[in-house]
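Asker: Before I ask anything, here is the structure I am working with.
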């Protein structure tokens with residue numbers, strides 16, 4: 001009977017069988033150690049695209065992306081932000097802007113990714129940004145989009161909350177005395193996952209773009225920094241990468257090596273960048289696109 005339904009109504013049969021996101025790794029991810037508490041992996045993932053108009057998942061894993069990710073233990077690894085006070089010259093034929101920023105920071109970084117959104121021409125960071133050493137931007141109010149979230153670390157507790165909830169407590173400008181209660185805070189948009197639950201609907205923009213995110217895994221204090229771009233063939237165009245809806249499902253999935261419970265989307269598109277300075281590895285979707293800031297990882301100094 002199902003056979004005849006399929007022959008008469010193939011679209012109906014398609015919608016019945018394509019009920020959920022599916023993905024698979026082309027090869028099993030191999031996580032390589034960079035230091036005690038820090039490891040990284042690069043691998044390709046195939047997945048089922050989402051058709052927003054039909055509101056269905058494709059039945060075939062017909063698209064692919066390349067994943068580059070860090071997995072870190074925040075007790076052993078420190079995260080530091082950096083933005084440059086000057087314009088950094090970059091030649092697309094030989095440079096990547098993320099390399100220029102890492103070198104400008106003068107930090108002995110194990111790795112780095114692009115961070116939150118920014119405005120040109122000066123590359124000023126949009127939204128609250130602070131690490132354990134510096135308050136980079138106290139202005140919650142200059143990122144007005146409703147899906148914005150603030151990922152914070154207060155003591156040992158990580159928390160992702162809405163921009164409005166953060167505003168209610170601290171106002172549009174985070175005071176220095178309030179900032180001192182946080183070891184880390186980063187504002188961006190949209191919030192993708194909270195305790196395993198999607199925070200976006202399929203009505204978000206469906207652009208297929210390279211993506212970047214910061215998230216918490218099920219392991220206490222383990223942070224995952226993820227970037228992805230087009231699979232084989234590379235390049236950024238309207239079909240490279242994933243939509244935000246697809247990306248959120250990928251990060252929630254237990255099938256493809258990136259499972260997280262709480263995730264905040266960071267700047268993406270051509271700004272998507274990933275670096276491992278000790279290996280001389282610098283990747284950026286748009287080689288010399290200006291990045292307003294980066295997020296670096298380095299080993300914590302041992303307590304005396």
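Every number in this text was worked out from the coordinates using simple rules, so none of it is lab data. On a predicted model such as this, the values are computed, not experimentally measured, just so you know. When we count neighbours, we look across all protein chains shown, and the Cβ atoms used for this are built from the backbone with ideal geometry, even at glycine.
Asker: By counting other Cβ atoms within 10 Å of each Cβ, how are 261, 86, 175 ranked from fewest to most?
Answerer: Listing 261, 86, 175 from fewest to most nearby Cβ atoms yields 86, 175, 261.
Asker: Something else about it: Using a 10 angstrom cutoff on alpha carbons, build the Gaussian network for the chain and name the most mobile of 109, 188, 69.
Answerer: For the chain, modelled as a Gaussian network with Cα springs under 10 Å, the answer is 109.
Asker: To make sure I understand, if each residue's beta carbon is the centre and we count other beta carbons within 10 Å, what order do 184, 274 fall in, fewest to most?
Answerer: Ranking 184, 274 by Cβ neighbours within 10 Å, fewest first, gives 184, 274.
Asker: Based on the alpha-carbon set only, what is the convex hull volume of region 36-150 divided per residue, in Å³?
Answerer: Value for region 36-150: 200 Å³ per residue.
Asker: Specify the residue with the greatest mean-square fluctuation among 170, 290, 82, computed from a Gaussian network of the chain linking alpha-carbon atoms under 10 Å apart.
Answerer: 170
Asker: Within the P(r) computed for region 109-189, what percentage of the Cα pairs occupies the region above 19 Å?
Answerer: 32
Asker: Which FRET efficiency value, to the nearest 0.05, do you get for residue 165 and residue 255 by plugging their Cβ-Cβ distance into 1/(1 + (r/R0)^6) with R0 = 30 Å?
Answerer: 0.40
Asker: Could you please rank 135, 266, 130, 291, placing first whichever residue has the fewest other Cβ atoms within 10 Å of its Cβ?
Answerer: Starting with the residue having the fewest Cβ neighbours, the order is 135, 130, 266, 291.
Asker: Now a separate question. How big is region 20-299 in terms of Cα radius of gyration and Dmax, in angstroms?
Answerer: Just the Cα atoms of region 20-299 yield Rg and Dmax of 17.6, 53 Å.
Asker: Let me ask you something else. For residue 299 and residue 86, what does the FRET efficiency come to when R0 = 25 Å and r is the distance between their Cβ atoms, rounded to the nearest 0.05?
Answerer: Approximately 0.35, to the nearest 0.05.
Asker: For residue 156 paired with residue 26, estimate the spin-label separation in nm (one decimal), with each label point 7 Å from Cα along the Cα-to-Cβ line.
Answerer: Label at residue 156, label at residue 26, 4.1 nm between them.
Asker: Cα centroid distance between region 89-161 and region 210-228, in Å?
Answerer: After rounding, the separation between the Cα centres reads 15 Å.
Asker: Another one. Between residue 145 and residue 60, what FRET efficiency comes out of the Förster formula 1/(1 + (r/R0)^6) with R0 = 22 Å and r the beta carbon distance, rounded to 0.05?
Answerer: 0.05
Asker: Which one, 207, 267, 51, has the greatest fluctuation when you compute a Gaussian network model over the chain with C-alpha springs under 10 angstrom?
Answerer: Judging by the Gaussian network model, the answer is 51.
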